[in-house]
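One structure below.
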Amino acid sequence: MSTPQNSIVLLNRLLALKESAPFLLVLDTLAQSAYSLVQEFVHKSQTKEVVFLSFETVNRPIYATQFVQCDSLSSQAIIERVHALLPPSAPSAASTKSLVIIDSLNYIASEELSGFISGLMTPTIVLVGVFHSNVPRLESPITNYPQPAEFLTYIASAIFEVQPLVTDSSIDGETLEYAVENLRLPIKAGLNGAVFKLVLVSRRKSGRSLTYKFVVNTATHEVEILQEQDEVAANDDEALLKDLTTFNLTTNKKQQLAKDQVELPFLEAQNFGPGGAIVYEFEKDDDYDEEDPYEDPF
Amino acid sequence: MSASQRQDLAIYSNGCIIPPLNPAFKSLNLVTYQQGTHHTWLTQALLENALLDTCSLNSDSSQTARSLNNSRNLEDAKAHVVVVSFMNDLAHWSKNLKKCNNLDVTPSSPNFTFLDCFTNLFSKFITAPTSAQSIEAQVQELFADVTQKIVTAVRAKPAHQRLIVVVENLEFLIAATCLRANQLLCQVSALQNIASHLYVVTQLAPEAIDVSTVASSAHNPVYKATDFLVKMIYRAHLVLQVQPLATGRADDVTGVLRIVRGGLSEEMRLVTGLNVVEKEYLYLVNKDGNAKLFFR
């Protein structure tokens, strides 16, 4: 079990490209674009070489050392351009990693995605690919071929899912989902802003994945652990009980843990397993007979 | 509705409607409208603001604009404006701009160019709308022609640094032909490359939008329309939505104008320092076509 502090360290290491994670997937929605998180990657990584593969914008970002407008290029042509810009065998690049940003993977056909991602990967490149989850999906002509979102989340070393930090308390998740489906995004609710929620799924080498939730402020470059709603509610309960009487009615974490671990009586009786078996447990005052009458004489 | 509630149109944090020129930044803006709430009044206001820096929707300039008997001079316009339409002809725009904004636009107007892409669309440019092999090349040729005409017009008339391009009902191409959304978006990028500010005006039909669809064919009209609109919102810096009242109809309100941040609005804020101020206005279009905005 990792502590909250460790998770922030992990996030910062991932943003700074210090983890061995060659393909980082960023999932965004119409309510919160991945633009701010990509800015954070550039800020934290401090890498000298940033290649921006653009399908969506014509404005070259100031941090991009190379800007490739890809909308009229085939996926093979893009791979060749990237390898020409960042030669895989460059010896000086071994210590520092180059950042390759793809502003949207939605523009690559799903059948070409695996070839595209593996074609771009070299030991010196960290690939940050944005995928928009609200773009309508198309069934693949190949039977049972995975949808691009499923395929990308399967191969990604870490998944960054950005969600809006809704400032308007009257908008709940369901309202927001309905609004997005009707392309009628709520206004003044803090959507597409510089402060957002981030759900990070980090995959270890063993294959075990860990999920963390953060609030990221890209204006100040600060990261906090997201306080879940039920945690806040629990704190509220304690606040309610405080100063109510002279008795201490609250339970601290240790007491709560101990309380949860108490095994209540008769729980065994409620498991309607195979009944009728005589279970004999040897106790210290019992007379133990060496000879077993049922033992096989041979 | 009392006159005191009347509001001025302001889109950005500094109160402007169309941002000033920034050589390092080209904006993409999306205007959506629905059946029953047409965009003409809003697009006209944008054109007027682009050309003369005034806005007839705003209370202070509307008096002066309409009190002038003579049409306003486009010689010293603040930008070169190009309207590319896949729906209306020049007569439609010149009639409305004359009536509501006191602007005289003709084919020879300085700083204003109109490109009619509809009249000869299927006779000259797209001869095989259902042929998947040739459609991309034909549309590419059409947009190359449009780009060429824009570049020539800007060169021929008094030179302006600021070029504002308004494209009306571009989505007609994906509805009427087998063109895919990605192929059309490629042409949008090409237009964005030459313009300082590009405004794409498109219809948003709620019945043709299904974000959660899993289409079995790439030619499914709902899939194509949704794909285009969703990707446009993701890449837009600003989204202006003109839509009917959600609660039904009213005599003194025609519809709602919503100003929403697009997917890349943060890019605009970081590069130009301009922030889109999200808000909602109620608007009323009179019988004579003039619009008024009210606070919501």
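Just so you know, all these numbers are worked out from the coordinates, no wet-lab data involved. Computed from a prediction, not measured in an experiment: that's the story for all the values here. Cβ coordinates were reconstructed from backbone atoms using ideal geometry, including for glycine residues, and neighbour counts include every protein chain displayed.
From Cα pairs below 8 angstrom and at least 6 apart in sequence, can you work out the relative contact order of chain A, rounded to a whole percent? Mind showing how you got there, number by number?
Numbers: 365 pairs, mean separation 55.4, N = 298.
Contact order relative to length: 19 percent.
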### Query
For region A:123-130, in order, what is each residue's ³J(HN,Hα) by Karplus, 6.51 cos²θ - 1.76 cosθ + 1.60 with θ = phi - 60°, in whole Hz (x at glycine and Pro)?
x, 9, 10, 10, 9, 10, x, 9
### Query
222 nm [θ] for chain B, helices only, -39500 (n - 2.57) per DSSP H run of 4+, per residue, to 500?
-10500 deg cm²/dmol
### Query
Taking H as built 1.01 Å from N, whose amide H comes closer than 5 Å to the amide H of B:Thr32, not counting residues under 5 places away?
B:Thr202, B:Leu240, B:Gln241, B:Val242
### Query
For A:Val262 and A:Thr167 in the same chain, what is the full-extension length gain: residue separation times 0.36 nm, less their Cα-Cα distance, in nm?
30.1 nm
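Against the 2.2 N^0.38 Å scaling, with N counting residues, where does the protein assembly as shown land? I'd like the Cα-based Rg ratio to two decimal places. All intermediate terms of the calculation are to be shown ahead of the outcome.
Numbers: Rg = 30.4 Å, N = 594, 2.2 N^0.38 = 24.9 Å.
Against the compact-globule rule of thumb, the ratio is 1.22.
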### Query
Taking springs between alpha-carbon atoms closer than 10 angstrom, which of A:Gln69, A:Gln270, A:Gln227 fluctuates most in the Gaussian network model of chain A?
A:Gln270
### Query
In deg cm²/dmol and to the nearest 500, what is the mean residue ellipticity at 222 nm of chain A if only DSSP H runs of at least 4 residues count, each as -39500 (n - 2.57), divided by the residue total?
-8000 deg cm²/dmol
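Sort B:Thr213, A:Thr245 so that the residue with the fewest other Cβ atoms within 10 Å of its own Cβ comes first and the one with the most comes last. Before the final figure, lay out the partial values.
Values: B:Thr213 15, A:Thr245 8.
By the 10 Å Cβ count, ascending, the order reads A:Thr245, B:Thr213.
Taking neighbour counts of Cβ atoms within 10 Å as a proxy for exposure, in what order, fewest first, do A:Tyr154, A:Tyr280, B:Tyr33 appear? Please report the intermediate quantities before stating the final value.
Numbers: A:Tyr154 10, A:Tyr280 6, B:Tyr33 24.
The order, fewest Cβ neighbours first, is A:Tyr280, A:Tyr154, B:Tyr33.
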### Message
For a protection proxy built on the mean count of beta-carbon atoms within 10 angstrom, sort B:182-195, A:162-175, A:4-17 highest first, please.
### Response
B:182-195, A:4-17, A:162-175
### Query
Residue by residue, what Karplus-based ³J(HN,Hα) values in Hz, rounded to whole numbers, does region B:268-281 have, using 6.51, -1.76 and 1.60 with θ = phi - 60° and x for Gly and Pro?
5, 5, 6, 7, 9, x, 9, 10, 6, 8, 5, 6, 10, 10
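Other chains' Cβ within 10 Å of B:217-230 residues: what's the mean? Walk me through the numbers before you get to the answer.
Details: counts 3, 4, 0, 3, 0, 1, 4, 1, 1, 4, 5, 1, 2, 8.
The per-residue average across the peptide is 3.
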### Summary
Listed residues B:Asn96, B:Asn73, B:Asn111; largest mean-square fluctuation, Gaussian network over chain B with Cα springs below 10 Å, found at B:Asn73
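Taking the Cβ-Cβ separation of A:Ile62 and A:Ile8 as r and a Förster radius of 30 Å, what is the calculated FRET efficiency to the nearest 0.05? Please report the intermediate quantities before stating the final value.
Numbers: r = 28 Å, r/R0 = 0.92.
For R0 = 30 Å, the calculated efficiency reads 0.65.
Given the pairs A:Lys205/A:Lys259; B:Lys78/B:Lys99; A:Lys242/B:Lys279; A:Lys48/A:Lys213, which are separated by over 31 angstrom at their Cα positions? Don't jump to the answer; show the numbers that get you there.
Values: A:Lys205/A:Lys259 36 Å; B:Lys78/B:Lys99 21 Å; A:Lys242/B:Lys279 42 Å; A:Lys48/A:Lys213 29 Å.
Cα-Cα > 31 Å for A:Lys205/A:Lys259; A:Lys242/B:Lys279; rest within.
To make sure I understand, if each residue's beta carbon is the centre and we count other beta carbons within 10 Å, what order do A:Leu264, A:Leu240, B:Leu47 fall in, fewest to most?
Values: A:Leu264 7, A:Leu240 11, B:Leu47 23.
Fewest-to-most Cβ neighbours within 10 Å comes out as A:Leu264, A:Leu240, B:Leu47.
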### Query
Between region B:227-296 and region B:77-152, what is the C-alpha centre distance in whole Å?
24 Å
## Note on the structure
Candidates A:Phe266, A:Phe247, A:Phe214; GNM for chain A (alpha-carbon contacts under 10 Å) flags as most fluctuating A:Phe266
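I'd like the mean, over residues of B:255-261, of how many other protein chain beta carbons sit within 10 Å of each residue's own Cβ. Walk me through the numbers on the way to the answer.
Numbers: counts 0, 1, 0, 4, 1, 9, 8.
Mean partner-chain Cβ count within 10 Å for B:255-261: 3.
Just for chain B, what percent of DSSP beta bridges are antiparallel, to the closest 5?
Numbers: 19 of 48 bridges.
Once the DSSP bridges in chain B are tallied, antiparallel ones form about 40 percent.
Which of the trypsin sites (Lys or Arg not before Pro) across region B:192-293 are loop residues per DSSP, with 12 or fewer other Cβ within 10 Å?
On the way: sites: B:Lys224, B:Lys231, B:Arg235, B:Arg249, B:Arg258, B:Arg261, B:Arg269, B:Lys279, B:Lys287, B:Lys292; in loops: B:Arg249, B:Lys287.
For trypsin sites (Lys or Arg not before Pro) across region B:192-293 that sit outside H, G, I, E and B with at most 12 neighbouring Cβ atoms in 10 Å, the list reads B:Arg249, B:Lys287.
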#### Entry: Share antiparallel - DSSP beta bridges, the protein assembly as shown, percent rounded to 5
40 percent
### Query
Taking the simple approach of a point 7 Å from Cα along Cα-to-Cβ for both A:Glu283 and B:Asp76, what is their distance in nm?
11.0 nm
### Task
Taking 7 Å along the Cα-to-C-beta vector as the label spot, tell me the A:His83-B:Ser131 distance in nanometres, rounded to one decimal.
3.5 nm
### Message
Based on the alpha-carbon set only, what is the convex hull volume of region B:149-246 divided per residue, in Å³?
### Response
123 Å³
### Task
Would you tell me the mean number of C-beta atoms belonging to other protein chains that fall within 10 Å of each C-beta in B:273-281, as a whole number?
2
